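All remarks here apply to the structure that follows.
Each value in this text was obtained by applying a stated rule to the coordinates, not by laboratory testing. No experiment lies behind these values; they were computed from the predicted model shown. Here the Cβ is made from the backbone with ideal geometry for all residues, glycine too, and neighbour counts use every protein chain on show.
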Ligand SMILES: [Cu+2]
């Protein structure tokens, strides 16, 4: 499909209003429905799923420490928009086709409100999954200012529900952030980046089969999904008119499988001020930022003195990343366009502060537990590749059961040829290092022998993280402290096609 670039204005998702708000708590309802929406000027309207009638869903804006309650309501039709593979875990024919459960990605919440993949519910809560325990979720928002996002997390169909549109932003703000005079208000813009393909009638295209169809199956999960257009905030290749001043952009990769390596074609630096889980100690000047699915990066871009210029945000991440097809510069090579055409409406008094928040570095010596966790693969009965964590299926007994308050170091030992963005629920972590190792020796003898030096995280990763790229044939080490809640959570690969089959494991924090 050949869609003209930069003909649609970038939409900004509306901010959701609470139904009730007093000094003790704030109450929202967010209803999921199916509707039609225009995703590009030259494309017939697309049937999508969203919240409160919009895709992506409306943005939550809350304060650090605010007690927020959200009733996520499923008002979706009985029939799914996209092809379900009933052979994969959680999606067998005994489960209703349209099920949802919402996870607030990056949030530290009680487990009953975390959106456990088997805590799903159908339209009107008529049917619920085995771990469903409440209709109204509670978010204590203990985290400092950060960019979170909510999305569906249902076992076996997350890739389809998110692709259909079930995702949106959730921003936490605080006093410290306000004191920094970062670009704010309409100069603080969230950008949710996704890739999609379309049928000529405008409907969403998601493959029913792998490239080489799987014999005996009408519908099969695919190993990865790469769409042939890029959308930002729900528009294909949009543009944004900007003033010659500083802007804060909250970048989120909400694609199923695609990675992005973003630059500005003006060659200018941008200044990263926050990682996944909030502000960093100091801004870091970057020419490019790499975003795996679910990763966030907040950057300040300065358009001062660039009146009349058009600046394209480009992407040169191969798909699959990093060794796949190089991107075509004319298609996936471009993400969106900034046009510096608006007059300066007021003096730009925002700053790029030298210091933002303290970042106490966790030391390996603090850890009382070390876990060696293989990222592995096997073949299923149909000859399909299955990606696994620790060589275990979802249903195997729980093996990651850290104690409340305990600090652990996890060695993510990637034995596969693929890269996997690994995400932990409940906690944020720090990336310690990455290191090459002898893969064959580890497979045969279980001995971890390094073959190269330990590489520190790259500058854009030096902050609080909740998703980390585990490169092929490398050990990636992360460190985190488990708490402040106990209960049942998950950790998983955030390539949604991997997560659904079956790269996800329970994680139980015990008292
Ligand atoms: Cu993966």
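For the reader, a short list of remarks on this structure follows.
- The relative contact order of region 185-340 comes to 26 percent, based on Cα pairs under 8 Å that sit 6 or more residues apart.
- Per the Kirkwood formula applied to alpha carbons, region 17-128 shows a radius of gyration over Rh ratio, Rg over Rh, of 1.00.
- Sorting 282-293, 467-478 by their mean Cβ neighbour count within 10 Å, with the most densely packed peptide first, gives 467-478, 282-293.
- Note: relative contact order over region 20-172, using C-alpha pairs below 8 Å and six or more positions apart, is 28 percent.
- Residues 102, 136, arranged from fewest to most other Cβ atoms within 10 angstrom of their Cβ, appear as 136, 102.
- Shape class for region 285-403, computed from the alpha carbon gyration tensor (a ≥ b ≥ c): oblate, with a/c not under 1.5 and a/b at or below b/c.
- Rh by Kirkwood over Cα pairs, then Stokes-Einstein D for the chain at 0.890 mPa s and 25 °C, µm²/s: 106 µm²/s
- Part-to-part distance (alpha-carbon centres) for region 46-69 and region 407-428, which is given in Å: 28 Å
- Diffusion coefficient of region 335-406 by Stokes-Einstein, Kirkwood radius over Cα pairs, 4 °C, 1.567 mPa s: 67 µm²/s.
- When you count the other C-beta atoms within 10 angstrom of each residue and take the mean per peptide, 139-147, 122-130 line up highest first as 139-147, 122-130.
- Beta-bridge orientation, the chain: approximately 75 percent antiparallel, per DSSP, counting only bridges with both partners inside.
- Per-residue [θ]222 nm for the chain (sum of -39500 (n - 2.57) over DSSP H runs n ≥ 4, rounded to 500): -1000 deg cm²/dmol
- Across region 364-509, the convex hull enclosing all Cα atoms gives 117 Å³ per residue.
- From the alpha carbon centroid of region 186-255 to that of region 111-142 is 27 Å.
- Cα-based radius of gyration of region 185-340 once divided by 2.2 N^0.38 Å, which approximates compact folds: 1.14
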